[in-house]
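What follows is a single structure, written as structure tokens, with notes after it.
The values are calculated or read from the model by the stated rules, or taken from the named source; none is laboratory data. It should be emphasised that the depicted structure is a prediction, and the values quoted were computed from it without experimental measurement. When we count neighbours, we look across all protein chains shown, and the Cβ atoms used for this are built from the backbone with ideal geometry, even at glycine.
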């Protein structure tokens, strides 16, 4: 059987996304490019493990390169990070079209908004792309709900705008260093899912390890 993609090589590898056999070369070159791979595909999982072992981070190319969030931040602000991650994962679950590049772009844009807020100014420029704008609004609403719950619980909102900014910067940087840059890539989103079992998503007691 000839590979239906290249029409040249033998189709020996089953592709769960296309529900047919393709050749190993097309599997490698078209994976998360033209093929919308499911997260549990064995070949996708193996390729990500390979990438992780050889990952070299150039911090000059990471968003907010001048900012390095302390390693304990996610632990000390677990509820805040969990609230953002919870919202992002639920949105991704309900919007299959969302990919890593969308998530990182939205997190970076929202981080920029809170960076101006923490400096005493207000400047907001939501994304133009409809899917990204919807996620942007969902994350903003989640942050407002988080602050409301916090106020109802202790009588005052103790989380500062600068802490929200840092949480968003952290997630942006994790996303930028975890994604593989492929058009249909979801390595970052799947990385987050691996730290939150379905029944634990968003719970404060979840163990969050988000170091890039």
**OP:** Run down 176, 82 and say which single residue is surrounded by 20 or more Cβ atoms within 10 Å (Cβ to Cβ), at pLDDT below 95 and within 27 Å of residue 58 (Cα to Cα).
**Re:** 82
Original post:
Which one of these is over 18 Å from the mean Cα position of the chain (by Cα), on the phi < 0 side of the Ramachandran plot and surrounded by 18 or more Cβ atoms within 10 Å (Cβ to Cβ): 72, 54, 125, 115?
Top reply: 115
**OP:** Find the residue count for segment 37-76, including only residues that are in a helix (DSSP H, G or I), in the same structural domain as residue 187 (by TED's automatic domain parsing) and at pLDDT 95 or above.
**Re:** 0
Original post:
Checking residue 124 against (1) outside any helix (DSSP H, G or I); (2) touching a residue at least 24 places away in the same chain (Cβ under 8 Å); (3) under 25 Å from residue 149 (Cβ atoms), which test does it fail?
Top reply: (2)
**OP:** Look at residue 174 and say whether it is touching a helix residue (DSSP H, G or I) at 6+ places or on another chain (Cβ under 9 Å), part of a helix (DSSP H, G or I) and within 17 Å of residue 135 (Cα to Cα).
**Re:** no
**OP:** Pull up segment 9-33, narrow it to residues that are surrounded by fewer than 14 Cβ atoms within 10 Å (Cβ to Cβ) and without any contact (Cβ under 8 Å) to a residue 12 or more places away in the chain, then point me to the one that is farthest from the chain's Cα centre (by Cα).
**Re:** 19
Subject >> Members of segment 97-111 found to be without any contact (Cβ under 8 Å) to a residue 40 or more places away in the chain and over 16 Å from residue 191 (Cβ atoms), listed by number >> reply: 97, 105, 106, 109
Subject >> Residues being surrounded by 12 or more Cβ atoms within 10 Å (Cβ to Cβ) and either in contact with a strand residue (DSSP E or B) (Cβ under 7 Å, 6 or more places away or on another chain) or in contact (Cβ under 8 Å) with a residue 12 or more places away in the chain (or both) - total across segment 35-51 >> reply: 10
Original post:
Name the residues in segment 77-109 that are within 21 Å of residue 124 (Cα to Cα) and either not assigned by TED's automatic domain parsing to the domain that holds residue 127 or not in a helix (DSSP H, G or I) (or both), would you?
Top reply: none
